[in-house]
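Data first, discussion second: the structure below is written as structure tokens.
The values are calculated or read from the model by the stated rules, or taken from the named source; none is laboratory data. Just so it is clear, the structure is predicted and the values come from calculations on it, not from any experiment. Reconstructed Cβ throughout: ideal geometry from the backbone, glycine too, with neighbour counts over all protein chains shown.
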Amino acid sequence: MTNDLITTTNTPQGLEQSSPSIMHQAGQAANQAAAHNIFESHRAGKSMYTLARYDSDLAVFGDFLRSIGVPAGDLAHDPAA
């Protein structure tokens, strides 16, 4: 007996051709908003000593990235860096 993987795709009828790009853009915007909120929430509950350690570690990592030619912004405070 073999276990073959069968995948099916259900495509809703009546969607216009541009719908996937609109849905993709909406998904990306939702992901960015969620990521930004998670970043702030994570830092909010930490002690000042923990945050200082995070900031120091991320500054050293940013220096390393820049030393090998990878642009790095403020990794401790900018989720897009």
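Check segment 51-63 and report whether any residue there is of a type outside the set (Ser, Thr, Tyr) and in contact with a Pro (Cβ under 9 Å, 6 or more places away or on another chain). No, because not a single residue in segment 51-63 is of a type outside the set (Ser, Thr, Tyr) and in contact with a Pro (Cβ under 9 Å, 6 or more places away or on another chain).
Contact map, segment 53-81: first residue free of Cβ contacts under 8 Å to residues at least 40 places away in the same chain, second residue of a type in the set (Phe, Trp, Tyr) and surrounded by 13 or more Cβ atoms within 10 Å (Cβ to Cβ), Cβ cut-off under 6 Å, separation 6 or more or different chains; the map is empty.
For segment 29-48, the count of residues that are part of a helix (DSSP H, G or I), of a type in the set (Val, Ile, Thr) and over 16 Å from ALA80 (Cα atoms) is zero. Applying the condition of being modelled with pLDDT of 85 or more and of a type in the set (Val, Ile, Thr) to segment 24-81 and asking which residue is surrounded by the fewest Cβ atoms within 10 Å (Cβ to Cβ) yields ILE68.
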